[in-house]
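Below you'll find the structure, written out as structure tokens, and then a few comments.
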Amino acid sequence: MKFVRHALLAATLMVGGAAIATPTVSGDYLELRTCDVMVGQCFANGDIGLRGKEAVMVWSVNEGSFDGVALDGLHVMALVRAQDTLGDLKYNAAKSPESVIVTDEKATDAQRGALIAMAKNLGGALLSEVVATKTSAMKVNFSTRTDGIATASVGDVFEVSARPFFKDDGCCGHESPYYPPLTTIQDAEPAVAELAEITDDTLKCTWQSVDSPNMFLGKFQG
């Protein structure tokens, strides 16, 4: 009987000979781009190679741990800059992306290390060249309602207020999520940045947008 129980347990953990990875950390995700993501193809074609070379990726941990370190309630942000339009993955991978990772000032040294490792793991190739890591006060709030509202602030580096995308936000009537999110997320929804500001001396990035459909909101697991 004991053998049978072990066999059943092994069967639940293996599919096709490979172990099923159980997510150990989860939370909310916010992404801002310096070009519209909910956009008509004709407008997107005009942006490629000119705009959208920068992005902000924010992971807000609700619960769980990474590398065995509990991260409940902490946040981490990555600011990415490349030589070409980020997210144009249907045609070209990002060229020479560089990034800055900012961790929550409430985190301990061990938690900062785990937050950086988590961001690099979830960000993949976009975060392969981290030129600096910083620590800052961070506030990230997602609405408890299902209306897609979120706000985030990271010291004096980043601030955004987001709202859902409405039909009236379009200008050509053929808008769609032209650029996919830069990382794997669940329940991805395009959103509008009512006001967004990025200021970072390391990557020499200063940018502002008002009422732009240049965001994604969603859930992550890692």
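The values are calculated or read from the model by the stated rules, or taken from the named source; none is laboratory data. From a predicted model like this one, the values you see are computed outputs, not experimental measurements. Positions of Cβ are backbone-derived with ideal geometry, glycine not excepted, and every protein chain shown enters the neighbour counts. Just so you know, the surface numbers come from the protein's heavy atoms only, side chains and all, with ligands and any DNA or RNA stripped out. Shrake-Rupley method; radii C 1.70, N 1.55, O 1.52, S 1.80 Å.
For the stretch 183-210, enumerate the residues that are of a type in the set (A, V, I, L, M) and assigned to a strand (DSSP E or B).
Within the stretch 183-210, Ala188, Ala191, Val192, Ala193, Leu195, Ala196, Ile198, Val210 meet the criteria.
Residue pairs, Cβ under 7 Å, 6 or more apart or interchain, first in the stretch 198-222 and open to solvent by 20 Å² or more (accessible area, probe 1.4 Å) and at pLDDT 90 or above, second among the aromatic types (Phe, Trp, Tyr) and in a strand (DSSP E or B). List them.
So the pair list comes out as Lys219/Tyr29.
Would a scan of the stretch 160-180 turn up a residue that is open to solvent by 50 Å² or more (accessible area, probe 1.4 Å), modelled with pLDDT of 95 or more and not in a loop (DSSP other than H, G, I, E, B)?
Checked the stretch 160-180: no residue is open to solvent by 50 Å² or more (accessible area, probe 1.4 Å), modelled with pLDDT of 95 or more and not in a loop (DSSP other than H, G, I, E, B).
Among the listed residues Leu86, Leu126, Leu115, which satisfies the condition of being in contact with a strand residue (DSSP E or B) (Cβ under 6 Å, 6 or more places away or on another chain), at pLDDT 95 or above and not charged (D, E, K, R)?
Matching residue, one of Leu86, Leu126, Leu115: Leu115.
Those residues that are outside any helix (DSSP H, G or I) and in contact (Cβ under 8 Å) with a residue 60 or more places away in the chain, I need them from the stretch 106-133; list them, please.
Once the filter is applied, which keeps residues that are outside any helix (DSSP H, G or I) and in contact (Cβ under 8 Å) with a residue 60 or more places away in the chain, the stretch 106-133 yields Val131, Ala132.
List every residue pair whose Cβ atoms sit under 7 Å apart, with the two residues 6 or more apart in sequence or on different chains, where the first one lies in the stretch 59-73 and is within 20 Å of Thr183 (Cα to Cα) and open to solvent by 10 Å² or more (accessible area, probe 1.4 Å) and the second, anywhere, is polar (S, T, N, Q) and assigned to a loop (DSSP other than H, G, I, E, B).
Cβ pairs passing all conditions: Gly64/Thr24; Ser65/Thr24; Phe66/Thr24.
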